[in-house]
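A.B. asks: First the structure, which I've put down as structure tokens, then a few questions once you've had a look.
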Amino acid sequence: MPVEAPFGTVHLGERFRSRLWFSNEGVVPLDRIEIKLELQTSTTRLVLPLEGASLDHFEPGVSIYRDYE
């Protein structure tokens, strides 16, 4: 699910940190979830590598978060 609105500006050389929160509020377990982070400028879209960017199994009622830097 993409972020709906820009949250600000990241300048060259500046450190970017983000915490993403995931919650399975359904009644069915989820399998093979992958997280993709893209950095977009006015002319380029870059996919950034992430550690811990996939989940093999995600039970209903479970919430987790991941910090990315």
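The values are calculated or read from the model by the stated rules, or taken from the named source; none is laboratory data. The structure presented is a predicted model; accordingly, all values stated were derived computationally and were not measured. Backbone-built Cβ (ideal geometry, glycine too); neighbour counts: all protein chains shown. For the accessible areas, the whole protein counts, side chains as well, though only heavy atoms, and no ligand, DNA or RNA atoms are used. Shrake-Rupley method; radii C 1.70, N 1.55, O 1.52, S 1.80 Å.
A.B. asks: Over the chain, give the accessible area per residue in Å² for a 1.4 Å probe, as an integer.
C.D. replies: 92
A.B. asks: Roughly how many Å² of Ser54 are accessible to a 1.4 Å probe, to the nearest 10?
C.D. replies: 70
A.B. asks: Among Ser54, Leu20, Thr9, whose Cα lies farthest out toward the positive end of the dipole of the chain, if unit charges sit on the beta carbon of Lys, Arg (+1) and Asp, Glu (-1)?
C.D. replies: Thr9
A.B. asks: Size of the dipole of the chain about the Cα centre, Lys and Arg at +1 and Asp and Glu at -1 on the beta carbon, nothing else charged, in debye to 20? Please list the in-between numbers first.
C.D. replies: On the way: 7 positive and 11 negative charges, 51 e Å.
Roughly 240 debye for the chain.
A.B. asks: For the stretch 11-17, what does the Karplus curve 6.51 cos²θ - 1.76 cosθ + 1.60, with θ = phi - 60°, yield as ³J(HN,Hα) per residue in whole Hz, taken in order and with x for Gly and Pro?
C.D. replies: 9, 3, x, 8, 7, 10, 10
A.B. asks: Under a 5 Å amide H to amide H cut-off, with H placed in plane at 1.01 Å, what residues pair with Val62 once short-range neighbours are removed?
C.D. replies: Asn24
A.B. asks: How much of the accessible area of the chain, probe 1.4 Å, is carbon plus sulfur, in whole percent?
C.D. replies: Its accessible area is 53 percent carbon and sulfur atoms.
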